[in-house]
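Right, one structure below, let's go through it.
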Amino acid sequence: MSSYFTDLAQQYIDGEWRPGTGSWDIIDFNPYDGEKLASITIATVDEVDQAYEAAARAQKQWAATNPYARRSVFEKALRLIEDREQEIAEVITAELGGTRLKAGFELHLAKEFLREAIHLALRPEGKIVPSPVDGKENRVYRVPVGVVGVISPFNFPFLLSLKSVAPALALGNAVVLKPHQNTPICGGSLVAKIFEDAGLPAGLLNVVITDIAEIGDAFIEHPVPKVISFTGSDKVGRHVATVCASHFKRSVLELGGNSALVVLDDADVDYAVDAAVFSRYVHQGQVCMAANRVLVDRSVAEEFTEKFVAKVKTLKAGDPRDPETVIGPVINSSQADAISATVEQAIADGATALVHGTTTDNLVRPSVLTDLPADSPLLKQEVFGPVAFLVPFDGEEEAVRLVNDTPYGLSGAVHTGNIERGVAFAKQIDTGMFHVNDGTVHDEPIVPFGGEKHSGLGRLNGETMLDAFTTTKWISVQHGRSGFPF
């Protein structure tokens with residue numbers, strides 16, 4: 001595993017591994033024990049420019065390549081991930097503090113999305129559209145946008161980089177990828193290495209490891225990329241969208257959430273507890289779809305709360321390398337401090353701590369809070385950590401109002417003994433995704449993924465990748481002579 005952190009601690013531009021030319025280094029730490037994993041000299045604005053120019057040069061020939069030939073690269077990449085799965089899982093555990101369960105979950109989904117990318121290479125279809133003009137043939141072509149800039153987050157860096165990179169490449173584009181500075185290997189150079197070894201031609205995928213403090217908005221403003229795919233916070237997403245709009249670029253934004261898991265009066269309480277605990281505490285709660293709020297009908301609230309608290313108390317926190325660990329570290333000390341401050345603020349505002357998790361370095365143990373004031377701002381914002389808010393409600397109408405009372409609209413779930421009641425409930429929620437009798441954390445390769453309100457713009461996965469990473473071009477052919485008024 002250590003070779004990944006030495007060999008891949010570089011920029012990858014135009015098929016070459018090389019150090020950045022910045023005046024400082026990004027230090028890659030293990031968030032659990034503080035071990036220094038890698039030191040990477042950052043990329044400057046010049047390297048961002050070189051990466052985009054290399055992508056622009058390589059893209060035209062790639063777009064003209066037979067899609068069956070393009071497809072073979074993704075087939076090889078999938079085999080490489082399968083062959084190296086154990087090593088990649090260890091890198092995920094070391095770099096982002098992911099438990100073994102989480103690493104397996106991320107790799108499973110990464111392989112599924114690569115399988116979809118294999119098919120996506122053959123998906124674009126043109127069509128001939130009727131014309132009111134005699135003798136005119138209207139051809140509508142589906143063509144690559146050209147070059148795509150991808151900015152990936154720290155929580156599922158390998159998966160969420162691949163999720164945009166692979167479809168964009170499969171559809172004939174070139175890509176420049178900027179991973180989060182806390183996960184430069186999993187989210188960046190590891191992805192480049194896999195595609196390099198799979199035979200992707202030089203220049204089509206470039207990775208720049210850098211920081212906003214060094215490059216400002218250069219990654220977004222550069223004239224080459226036509227689409228920026230960003231996954232991260234709504235605060236940064238708003239800025240990305242604003243800059244893109246001012247430069248007439250398309251932005252695809254997968255942003256934060258404040259999802260609710262709702263337990264109706266006829267729910268299977270034991271099952272709902274299992275779903276809620278997973279939905280809140282998977283990967284330490286560092287998941288955009290996590291159930292920040294658990295809303296429970298007052299008629300079953302006492303039973304649910306007792307069982308929920310009991311289960312949370314069994315979650316083992318500690319070394320993510322231990323197979324029994326469920327709660328590993330959060331990504332860095334600023335996240336740990338922010339989560340701890342949130343818990344203390346809630347208690348100061350009147351909340352009751354049914355479980356009051358302590359914090360040691362980056363290890364934030366689970367908390368369960370209830371009795372938050374109805375007007376608490378904490379109920380409307382995303383908490384990116386292992387903190388659950390239990391909120392009782394009286395009847396479905398109040399539940400719908402509470403679920404929707406947030407600026408976000410990404411995911412959610414409802415538990416009920418009546419499936420159609422659950423579907424009717426789901427239709428009233430302003431989210432891009434909602435699940436009946438399940439958890440809030442789901443992602444599948446061919447189902448549109450994305451949110452409403454502050455949770456994003458656009459969709460990814462399946463057919464929606466065509467909307468994200470291709471554009472349409474109308475070419476008309478006039479058979480015979482056209483008439484003109486002068």
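The values are calculated or read from the model by the stated rules, or taken from the named source; none is laboratory data. This structure is a prediction, so every number in the text was calculated from the model and none was measured. Every residue, glycine among them, receives a Cβ derived from its backbone with ideal geometry; neighbour counts consider all protein chains shown.
Taking the listed residues ALA202, ALA260, ALA276, ALA241, the one that is assigned to a strand (DSSP E or B) and touching a residue at least 24 places away in the same chain (Cβ under 8 Å) is ALA260, with no other qualifying. Only one of the listed residues (TYR281, TYR271) is assigned by TED's automatic domain parsing to the domain that holds THR360, closer than 12 Å to PRO386 by Cα and hydroxyl-bearing (Ser, Thr, Tyr). That residue is TYR281.
One line per residue, one yes/no per condition, for (1) out of contact with any strand residue (DSSP E or B) (no Cβ under 8 Å at 6 or more places or on another chain); (2) free of Cβ contacts under 8 Å to residues at least 60 places away in the same chain; (3) at positive phi:
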position: ASP28; (1), (2), (3): no, no, no
position: PRO31; (1), (2), (3): yes, no, no
position: ALA38; (1), (2), (3): no, no, no
position: ASP46; (1), (2), (3): yes, yes, no
position: ALA58; (1), (2), (3): no, no, no
position: TRP62; (1), (2), (3): no, no, no
position: ALA69; (1), (2), (3): yes, yes, no
position: GLY97; (1), (2), (3): yes, no, yes
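Looking for something surrounded by fewer than 16 Cβ atoms within 10 Å (Cβ to Cβ), at pLDDT 95 or above, in contact with a Ser or Thr (Cβ under 7 Å, 6 or more places away or on another chain) and not in a helix (DSSP H, G or I) - is there at least one such residue anywhere in the range 400-423? For the range 400-423, residues surrounded by fewer than 16 Cβ atoms within 10 Å (Cβ to Cβ), at pLDDT 95 or above, in contact with a Ser or Thr (Cβ under 7 Å, 6 or more places away or on another chain) and not in a helix (DSSP H, G or I): absent. Of all the residues in the range 2-29, those that are surrounded by 19 or more Cβ atoms within 10 Å (Cβ to Cβ) and in a loop (DSSP other than H, G, I, E, B) number 5. Within the range 332-364, being hydroxyl-bearing (Ser, Thr, Tyr), surrounded by 14 or more Cβ atoms within 10 Å (Cβ to Cβ) and in a helix (DSSP H, G or I) holds for SER333, SER340, THR342. What do you reckon, is LEU190 in the same structural domain as ALA110 (by TED's automatic domain parsing), within 24 Å of ASP28 (Cβ to Cβ) and either aliphatic (A, V, I, L, M) or at pLDDT below 95 (or both)? It is true that LEU190 is in the same structural domain as ALA110 (by TED's automatic domain parsing), within 24 Å of ASP28 (Cβ to Cβ) and either aliphatic (A, V, I, L, M) or at pLDDT below 95 (or both). Of all residue pairs spaced 6 or more apart or on separate chains, those with beta-carbon atoms under 7 Å, a first member in the range 365-380 that is within 16 Å of ILE339 (Cβ to Cβ) and a second member that is assigned to a loop (DSSP other than H, G, I, E, B) and β-branched (Val, Ile, Thr) are ARG365/THR358.
Annotation for the range 337-345: at least one member residue is outside the structural domain of ASN182 (by TED's automatic domain parsing), under 27 Å from GLY409 (Cα atoms) and of a type in the set (D, E, K, R).
Let me spell it out: the conditions are (1) more than 20 Å from GLN284 (Cα to Cα); (2) of a type in the set (S, T, N, Q); (3) at pLDDT 95 or above, and THR99 meets all of them except one. Which number is the exception? If we test THR99 against (1) more than 20 Å from GLN284 (Cα to Cα); (2) of a type in the set (S, T, N, Q); (3) at pLDDT 95 or above, just (1) comes out false.
Being touching a strand residue (DSSP E or B) at 6+ places or on another chain (Cβ under 6 Å), more than 19 Å from LEU354 (Cα to Cα) and in the same structural domain as ARG401 (by TED's automatic domain parsing): is that true of ASP265 here? Judged against the criteria, ASP265 is a match. Here GLN59 fulfils each of the conditions (1) surrounded by 14 or more Cβ atoms within 10 Å (Cβ to Cβ); (2) over 22 Å from PRO225 (Cβ atoms) apart from (2).
Of the residues examined, ASP265 is not one that is free of Cβ contacts under 8 Å to residues at least 40 places away in the same chain and farther than 21 Å from VAL403 by Cα.
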